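Once you've had a glance at the structure underneath, I'll fire off some questions.
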Amino acid sequence: MTAEALLPILAYHLWSSTLMGDNAPKTSAQRDRMWNPVIGDLVFIHMAGTSDPADQIGTLKTIDHPPLYAEGEWDEEAEGRPAPLDDVYVLETLDGRTVRWSNVSVIALPIKQWSNMDSVDLATGETRALTLREQIDSLFRARASRG
């Protein structure tokens, strides 16, 4: 299994570990933060079905809310409520591509808490304190440099 395939699995297990009754306050706060991603967060896409794992992890660039129905297809008066909106998430994947998602759950990965460990930058060989995002980026840079 490649590191790229492992990342979404680990992200899912991190998130699911917060889904229990009677959480400690810190766990509840972490779960709430993970469920409320903001622009700039490193995020994980959770969905039914399968996808390329490299498309499931990235930096959240935008969140759009377009209507689910084309103009004229939804009669607010007959339906008794405004037309529903979709949630469309745009990510920049770790390898720099732009990917659009809808009908998914977007989970923020709380990487800023865990940036105090020394790691080896796989692209440069330098040992220093790296954030998780830097560790992941260095993995992709090292793989790209090997061709």
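Please state which one of 101, 74 is touching a strand residue (DSSP E or B) at 6+ places or on another chain (Cβ under 6 Å) and not charged (D, E, K, R).
Result of the check over 101, 74: 101.
Additional query: Is it the case that the range 118-141 has a residue that's at pLDDT 90 or above, surrounded by 13 or more Cβ atoms within 10 Å (Cβ to Cβ), within 21 Å of the chain's Cα centre (by Cα) and not in a helix (DSSP H, G or I)?
Scanning the range 118-141 turns up no residue that is at pLDDT 90 or above, surrounded by 13 or more Cβ atoms within 10 Å (Cβ to Cβ), within 21 Å of the chain's Cα centre (by Cα) and not in a helix (DSSP H, G or I).
The values are calculated or read from the model by the stated rules, or taken from the named source; none is laboratory data. Keep in mind it's a predicted model, so treat the numbers as computed, not measured. Quick reminder, even Gly has a Cβ in these numbers, built from the backbone with ideal geometry, and neighbours come from all protein chains shown.
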